[in-house]
Structure formats: C-alpha cells, structure tokens
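Worksheet for the structure shown next.
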Amino acid sequence: MKTIVPYLILSISILVLVSCQEELTEFKTNKKDYDQFLASEPVKTTSKYFELWDEKIKPDSIQLLSLGNVAAEYNRFFAATGDIKYLKDAEKSLKKAVETAAIGKSGYLRALARNYISQHRFKEALVLAEQARELGSGTKESQNLLFDLHMELGNFNLANQYLDSIKNMSDFGYLIRLAKWNDHKGDLGKAIKFMEMATQKAESSKNRNLLLWSYTNLADFYGHAERIEESYQLYLKALQIDPQNAYAKKGIAWIVYSHERNGSEALRIVDSIIQKNKSPEYYLLKAELASFINNDLLRVQALDNYYKIIKSTKAYGDMYNAYNVDFLISMNVEQKALEVARTEVRNRPTPETYALFAYSLLHLDEKEKAMQVIEKYVVGATYEPAILQQAAEIYKANGEHEKVKKLKEELLGAAYELGPVKEAQIASL
C-alpha cells in the first residue's frame, strides 16, 4: 500500500493538471475583438460613384456603362442591407442592358444570371448562361457560371465536366470551385486546402471583394473542421475590411453559441445584425438561440417576425422556400410544407430539396414514402449534417435502427456545425 498510494496520488495530480491545462488552452472569444463592429454606423445605400452613374440614366437610356455600374452598386447595397429592393433594382438595370446591348451582351447576360441565382431563379439563370456561352465572348466566365448553376440544380456530372474545362491551378476562380466540389464530395480536407490556396491568391491581389469572400468562406470551412480559433480570426479579418459584414458577424455569433454555449451573448450579436440587415433568416437564428436559453416568448416573437416579413414581401419569390419548409413544419402546417418542398424539388432537384420533401412526408405520417425518397435521392449523394439528421429521423420512424446508429455517429462528430439544439435532438435518436 505504501508504494501504491503515492502512485495513485501522482496519477490524480497529473489528471487534474492536464484538466486545468485543457481549461486554460480552450479557445474563447473576446467581446473586445468584435464590439466595435456591432456598434458600426448604419449601412450607406448611396455613394458618389452610384450618383454619378445614376444621373446619366434617363427613362429611355441606352447608356450601357451606366446601367452596368448602377446594377453593380445595387448589388452591393443588397449585400450590405439584405433589402430585396436593391436586388430587384439591379435586375431592372441589367434587363435593360441586355435588351439594348449590341457589344458585350454576354457579360450582361452573365450578370443578370448571377442576379437570378441570388433570387433562387436557377432555371431562368441557366437559360441566360447558355445564351451567354453561345455568344462566345467570355468563354471562361460562362463556364464558371455554368459550373455554379449545375451545382445549384443538382446536375453534378455536368458540373464536374465544366470544372474540368476551366482547370487552372493558378486561377482563383478555379480554386474556389475545386474547393466547393471537394466539399460536395465530403472531402473537407481537400476543400480547405484549395480554399487556402485561393485565399492566398486573394491576398496577393489585394482585391477587397475577393478577400471578403475568401475569408468568410474559409472561416466556414474551418468551422466545419472544428478549427474554431482560425475560423474566428478570419471572421474578424473580414470585419476589418467591411465593418458592416453581416455574414462575418453571424459567423462569430455561431461560435459564441455553438462552441461556447453562450446563448445570451450570441443573441446580442444577432440583434445587432437585425438592426441593420433586413434578411429574414436572422430571425430564425434568433428563434433557435431563444429556444436554447429557454425563452419561449422570445422564440415565438422571432418566428412571428420571420413570418410577417416573408408574407408581406412578394419580391422574395422562392428565395426562402428551404427555410419555409422547416418553419411550416415547426408551426404544424405540414400540408403547406409539403407543397413548398415539392416546389423546391421542381426548381432544383438536389439532395437538399429531396430531403426537405421527404421530411415533409414524414410529418404527414407518410414514413414509408419518406424513406423511399431518402434512399433514392439523398443517402450517399450528400454529406451535409443537417440533411443527414433528417434522414436519421426518417430511418428511426421506419425502425431502421442500424442505419440510425451509423448516421448518429457521423452526426455527433458534426455537433459544432449543427449547434446545441440539434445536438440534443441527435442524442435522442
């Protein structure tokens, strides 16, 4: 005993020391890093540049350069404010440019197609992209666009062909698409590698827009890989470039919520976004945070705000269909959820939309049909944790316990990406 007891005490001491070191090295955010960005000035929706070009546009204007530049500014205002009005204004300018252009028409077609992508009008965008390709000018840009569109439409074989056609390891556009392709295939390591290479290109170019896009997208990838501190630092870098950037603030809010389990602080960040940005999805995040801190009144208010915005703004069209399916299911309006999910499948038949369709069937007690859809269109076609969670719930309803167990193991490894509320749901599978 004299020899065992000191050994036992030493072992316990080492365990305590290791535990303390882990607590000391556990990454935590610091309010001082981001508070200045939460209190940033209201978003400006005009500029001398915009006014200069806007003044040149008359009701019967055929000044293409003015139309193109004004549309680009409207897109910038939409990105900053989330106000759909600016995206629709950009669409009007670009439509007029397409109608009047004799030279450079393919460029305006591509710009209008990208506007339609933002509006989730993917099939209309594809028609424009094909027209741009047929005109011949800007072949590489058209191929880039066609890759993006076929990924959105679930035509993955075609997307891969377009990816091969633009292969150039020194090109930023190719690298970001290669990263997206590898993420789609479930190879996060390769996706990160190519996104890091693209980010280096952006840093060399010192192009503000490329830097913002690179930092926020690489931050997302790092988050998926649970490289939380690196993700956080990139969101801060993005905010140093653009203090108004709602996407970067949302990324920090998610770290505070999912990694630190600090729902109240995450709510404070999200509220600061909502004050300046009209995108309705922030209310859904607010509702999730309210649920996490057990504030049901706040959760209901956030969901009500989301519903009011969606219902009163017809200009959104199908942009929020994917969000609306989950929302309607949570409100026990299952038949309407199924109708919206069916529309999404028609708009773009992807694993994501088929999963929404199957999930809607499940909530209408059509569990066998739901499983048929999942097995035909979803399982093996995507690695997105949120989609796999829906598949697991459908398998559970059908008594497929081994399949549930396998998916549950994968999902628990994606706890950070899914968040604490969904993590609790996974634990009960």
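What follows is calculated from the coordinates using simple rules that are stated; it is not laboratory data. Small disclaimer: the values here were computed from a predicted structure and weren't measured. No Cβ is skipped: glycine too gets one built from the backbone with ideal geometry, and neighbour counts run over all protein chains shown.
Give the angle, between 0 and 90 degrees and rounded to the nearest 10, that separates the Cα long axis of helix 334-347 from the longest principal axis of the Cα atoms of the chain.
50 degrees
When the convex hull of the C-alpha atoms of the stretch 387-429 is computed, what volume per residue in Å³ does it have? Before the final figure, lay out each step's value.
Numbers: hull volume 2.3 nm³, N = 43.
Hull volume normalised by residue count: 54 Å³.
Taking the Cα centre of the chain as the origin, how large is its charge dipole in debye, to the nearest 20, when only Lys and Arg (+1) and Asp and Glu (-1) carry charge on their Cβ atoms? Spell out each step's value before the answer.
On the way: 56 positive and 57 negative charges, 175 e Å.
The dipole magnitude comes to about 840 debye.
With everything on Cα atoms, drop me the angle between helix 296-312 and the longest principal axis of the chain, reported from 0 to 90° to the nearest 10.
20 degrees
How much mean residue ellipticity at 222 nm does the chain get from its helices, if each DSSP H run of length 4 or more adds -39500 (n - 2.57) and you divide by all residues, to the nearest 500 deg cm²/dmol? If you can, show how the numbers build up before the last one.
Values: 25 runs with 321 residues, N = 429.
When only DSSP H runs of four or more count, the value is -23500 deg cm²/dmol.
Which of the aspartates and glutamates could a cross-linker bridge to Lys403, judged by Cα under 12 Å and excluding same-chain residues fewer than eight apart?
Answer for Lys403, where 12 Å is the Cα cut-off: Glu375, Glu393, listed by chain and number.
Name the lysines eligible as straight-distance cross-link partners of Lys406: C-alpha to C-alpha under 22 Å, and not fewer than 8 places from it in the same chain.
Answer for Lys406, where 22 Å is the Cα cut-off: Lys185, Lys367, Lys369, Lys376, Lys396, Lys422, listed by chain and number.
Rg over Rh of the stretch 74-121, using C-alpha atoms and the Kirkwood radius, what does it come to?
1.00
For the stretch 317-429, what ratio Rg/Rh do Cα atoms give with a Kirkwood hydrodynamic radius?
0.94
Between the DSSP loop rule and a limit of at most 12 other Cβ atoms within 10 Å, which chymotrypsin sites (Phe, Trp or Tyr not before Pro) in the stretch 239-317 are left?
Here no loop site has a sparse enough neighbourhood.
P(r) for the chain, please, calculated from all Cα pair distances in 20 Å bins and given in %.
Result returned by the calculation: 21, 57, 19, 3, 0.
Which of rounded, prolate or oblate describes the stretch 80-168 when judged by the alpha-carbon gyration tensor and an a/c cut-off of 1.5?
Details: a/c = 2.27, a/b = 1.30, b/c = 1.75.
Because a/c hits 1.5 or more and a/b fails to exceed b/c, the stretch 80-168 counts as oblate.
Sort the stretch 170-318 into rounded, prolate or oblate with this rule: let a ≥ b ≥ c be the square roots of the eigenvalues of the Cα gyration tensor; rounded if a/c is under 1.5, and if a/c is not under 1.5, prolate when a/b is larger than b/c, oblate otherwise.
prolate
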